[in-house]
Amino acid sequence: MIIVETIQALSKELKPLRNKIIGFVPTMGYLHEGHLSLIRRARQECDIVVMSIFVNPLQFGPNEDLDRYPRDFKRDSALAEQAGVDILFHPSAEEMYPTPNLTEVSVTQVSERLCGASRPGHFTGVATVVTKLFHMVMPDRAYFGLKDAQQVAVIQQMVHDLNFPITIVPCETVREPDGLAMSSRNVYLTKEERQQALILSKSLLAAKDGLTTGRWSTAEEVRDFVYQQISTQPLARIDYVEVLTYPSLQPIQKLTNQQIIVAVAVRFGQTRLIDNILCCGKE
Ligand code: PAF
């Protein structure tokens with residue numbers, strides 16, 4: 001595996017490989033099994049696998065966890081190599097943003113609800129850095145985890161609207177054996193918070209069961225069920241519980257056979273966790 005830190009070095013490595021299928025896995029590091037599953041999928045489907053590790057300041061709000069976001073480059077590079085990365089791009093903030101960034105990529109509508117509403121500017125930061133990374137890597141395929149289902153919808157919309165010649169490959173959420181969705185932020189949780197956080201996957205799974213057995217006829221009933229389940233945990237502070245169409249992320253009332261997302265964001269202490277399930281409103 002080759003590690004490069006500059007855009008110029010990355011271009012130099014990629015230049016002789018332009019006739020190959022290039023797969024790209026953009027990450028912010030602190031790799032877990034979810035990231036590794038993206039690398040493995042890219043490894044199966046592409047000739048060359050490029051991964052980036054860059055904690056992007058543009059997508060963090062002023063009171064968010066940019067400074068304390070977990071980092072361990074040594075461990076990450078060993079894991080990336082084992083999982084099959086060929087080129088690891090690890091730029092500094094100065095390399096990515098040498099001058100103040102005056103150009104933004106912002107995707108309307110799909111960015112507006114869920115995390116877009118609770119984290120103003122977040123998806124503009126994501127779409128902007130992903131655009132820059134796409135231009136630097138010029139991949140054929142790019143791999144994103146569905147734990148961040150809204151991010152996938154935003155990137156897909158952007159790629160469609162701006163004609164990026166890239167196939168976006170959404171990949172299933174990877175969970176701990178007890179159901180907790182893998183996230184670099186899980187390391188912030190205390191033992192008690194982590195135990196109570198299991199309510200997210202439990203309530204979403206129960207919602208999916210209810211949806212497949214036709215228990216509810218409106219989105220509001222599903223939302224109320226999940227909200228009540230999460231509220232049983234004393235440490236849980238709910239940011240949102242929403243049931244929307246997917247990937248358009250618009251409100252619905254009556255459940256139909258259209259694909260929906262049940263998405264939650266919940267704080268446990270200092271840690272904000274998100275999780276979701278995708279399914280048909282009616283089977
Ligand atoms: O999902 C992430 O880790 C980040 O949002 C991404 C896509 C790497 C952009 O910084």
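The distance separating the Cα centre of region 125-198 from that of region 225-251 comes to 19 Å.
The trypsin sites (Lys or Arg not before Pro) of region 173-229 that DSSP puts in a loop, and whose beta carbon has at most 15 other beta carbons within 10 Å, are 215.
Each of the peptides 234-245, 38-49, 147-158 was scored by the mean count of other Cβ atoms within 10 Å over its residues; in descending order, highest first, they stand as 147-158, 38-49, 234-245.
Between residue 208 and residue 6, the modelled label-to-label distance comes to 4.7 nm, taking each label 7 Å out from Cα in the direction of the beta carbon.
Any idea how far the Cα center of region 65-107 sits from the one of region 1-46, in Å? Rounded to whole Å, the Cα centres lie 12 Å apart.
Only lysines eight or more places from residue 282 in sequence, or on another chain, were considered; those with a Cα closer than 17 Å are 208, 254. Using the alpha-carbon positions of region 169-211, Rg (one decimal) and Dmax (whole number) come out as 11.6, 35 Å.
For region 1-32, trypsin sites (Lys or Arg not before Pro) are listed when DSSP marks them as loop and at most 10 other Cβ atoms sit within 10 Å of their Cβ; the list is 18.
Computed over protein heavy atoms with a 1.4 Å probe, the carbon and sulfur contribution to the accessible area of region 1-100 reaches 51%.
A Förster radius of 25 Å, combined with the Cβ-Cβ distance separating residue 215 from residue 267, puts the computed FRET efficiency at roughly 0.35. The long axis of helix 219-231 is offset from the longest Cα principal axis of the chain by roughly 90 degrees. Per-residue extension of 0.36 nm, minus the Cα-Cα distance of residue 99 and residue 254, leaves a gain of 50.9 nm for this segment. For region 186-235, the C-alpha radius of gyration divided by 2.2 N^0.38 Å, with N the number of residues, is 1.30.
Entry for region 178-283 at q = 0.16 Å⁻¹: log10 I(q)/I(0) = -0.65, Debye formula applied to identical alpha-carbon scatterers, no solvent contribution. With the convex hull constructed from alpha-carbon coordinates only, the chain shows a mean projected area of 14.8 nm² over all directions. Taking only the C-alpha atoms, wrap a convex hull around region 1-107 and report its volume per residue in Å³ as a whole number. Hull volume over Cα atoms, normalised by residue count, gives 134 Å³.
The GluC sites (Glu not before Pro) found in region 138-222 that occupy coil by DSSP, while having at most 16 further C-beta atoms within 10 Å, are 172.
The modelled label-to-label distance for the pair residue 228/residue 81, using points 7 Å beyond Cα in the direction of Cβ, is 5.4 nm. Seen against the Cα atoms of the chain and their longest principal axis, helix 33-45 is set at about 60 degrees.
The label-point distance for residue 117 and residue 67, in a model that sets each label 7 Å from Cα toward Cβ, rounds to 3.1 nm.
Anything over 24 Å Cα to Cα? Flag those among 15/147; 15/132; 74/191; 20/132, in the order listed.
15/147; 74/191
The values are calculated or read from the model by the stated rules, or taken from the named source; none is laboratory data. Given the structure is predicted, the values throughout are model-derived calculations rather than measurements. With ideal geometry, Cβ positions are generated from the backbone for all residues, glycine too; neighbour counts draw on all protein chains shown. Each accessible area value is taken on the protein alone, full model and side chains, heavy atoms only, with ligands, DNA and RNA left out. Shrake-Rupley method; radii C 1.70, N 1.55, O 1.52, S 1.80 Å.
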